[in-house]
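Have a look at the structure below, then the notes.
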Amino acid sequence: MRPPGHKIHCPSYRIFMSDSSPLPSAQERLESLLHFPQQLLLETTSHCNLNCSMCARQFNPRKWGNMDEALARKVIDEVTSRAPDCRIWFCYFGEPLIRKRAGLFDRIRYAKDKGLKRAAINTNANLMDERCIKDMLRSGLDEVYIGLDAATAETYSKVRIGGNFGRVVANVLKLIELSAGKIKITVQFGVYENNDHEVDAFKEYWSRHPVHIFTRPKLTWCGQLDDIIKSPAPRHACAWIFDSINVNEDGRVPYCITDWQNKLPLGDIRNNSIFDIWQKKVIPNIIVHARQDWANVPEFCKKCPDWQAKVPRDKKLLELLAGMSPQL
């Protein structure tokens, strides 16, 4: 393991996601992972306009707020100087379009002008309108993920509580029209007890439009929601911590993206760099997972079932990591 302060620049690779393009060598993939995260979730706001049935927000895990511009630019400046191919999501636990008139797209434009290769948001699209779409295009936004989770208004009302299904579908169609292929559009379906009967209808409808379709298993947010993930297989390394790091609106960096209560803050970007937090705090956790050393993960991590929702696909990389010491 290199000393934590050693700086190296190498491209980011989508290590734990299937990709048709040839992978770099295992050693190159290891160097990339050890250098900097593949993705960073920058919480523009933790406020939301909906009260979704599958969201841990209903348990009021923390105080809600908005990330100030100085903090956001500090992160953006570091990412673009160290690893501009790291994908930044300008969202985490809240709805980013709440800030559509309060600097969200200026922030994205700033990052793109600084050299960021990929900027993305995940939105429920209820607040999307024509002006918003035009602002997206002007900002240079690359990707939009839209959470729908239903194929009918009736089911949508049970999952995305407070939203308007017809409005969202119309907004997505308008986005397709106005973006004309300039933004990658993905419609998302999280599978839960109250909507799993509509997965096929969802795929059938959206397959007729130029969008990507993404379905994913339920997240329980570290076991807070009822666990419907039932896997008979032995526990494997949790892929959620391998490629991503998230920064809450107040600057704190939690253990992983499902650590919604911030039970184990790894640092604070007001005082630390992403680079240092990743190398000194996250990488040791990644190695512990790769070694399947479950006795040395945090208590909430031991009990969390969300490892079953995402499988690490790079077995060779796992082998290399398992041979390393977590003591940096």
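The values are calculated or read from the model by the stated rules, or taken from the named source; none is laboratory data. Computed from a prediction, not measured in an experiment: that's the story for all the values here. FYI the Cβ positions are ideal-geometry reconstructions off the backbone, even for glycines, and counts take in every protein chain you see. The accessibility values were calculated without ligands, DNA or RNA, using every heavy atom of the protein model including side chains. Shrake-Rupley method; radii C 1.70, N 1.55, O 1.52, S 1.80 Å.
Structure values in brief
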item: Rh (Kirkwood; distinct C-alpha pairs) - the chain, Å; result: 20.5
item: Solvent exposure of segment 16-115 as accessible area per residue, Å², 1.4 Å probe; result: 39
item: Space enclosed by the convex hull of the alpha-carbon atoms of segment 93-218, per residue, Å³; result: 104
item: Accessible surface ranking that places the most exposed of Leu116, Leu318 first, with a 1.4 angstrom probe; result: Leu318, Leu116
item: Percent of beta bridges antiparallel (DSSP, the chain, rounded to nearest 5); result: 10
item: Contour minus Cα-Cα distance for Ala26 and Ala295 (0.36 nm per residue); result: 94.1 nm
item: Surface share of carbon and sulfur [accessible, 1.4 angstrom probe, percent] for segment 100-174; result: 48
item: Violating pairs (Cα-Cα greater than 24 angstrom) within the set Lys117/Lys184; Lys63/Lys100; Lys63/Lys263; Lys74/Lys315; result: Lys74/Lys315
item: Per-residue SASA entry for Asp85, accessible area with 1.4 Å probe, Å² rounded to 10; result: 40
item: FRET efficiency estimate (nearest 0.05) - Cβ-Cβ, Lys315 to Arg167, R0 45 angstrom; result: 0.55
item: Length gained when the stretch Ala233-Leu178 is fully extended (0.36 nm per residue, less Cα-Cα span); result: 15.2 nm
item: P(r) of segment 164-261 over all Cα-Cα pairs, binned every 5 Å from zero, in whole percent; result: 2, 9, 14, 17, 16, 16, 16, 7, 2, 0
item: Exposure of Lys134 as accessible area (Å², to 10), given a probe of 1.4 Å and all protein chains; result: 90
item: Set of segment 163-182 residues, backbone N closer than 18 Å to the point 7 Å along the Cα-Cβ line of Asn51; result: 163-165
item: Sites Val199 and Ser273 - FRET efficiency at Förster radius 41 Å, r taken between beta-carbons, to 0.05; result: 0.50
item: Cα centroid separation, segment 39-115 to segment 268-328 (Å); result: 23
item: Rounded to the nearest 10 Å², the accessible area of Val297 at probe 1.4 Å; result: 10
item: Inter-site label distance for Ala70 and Asp129 at 7 Å from Cα along Cβ, in nm; result: 3.3
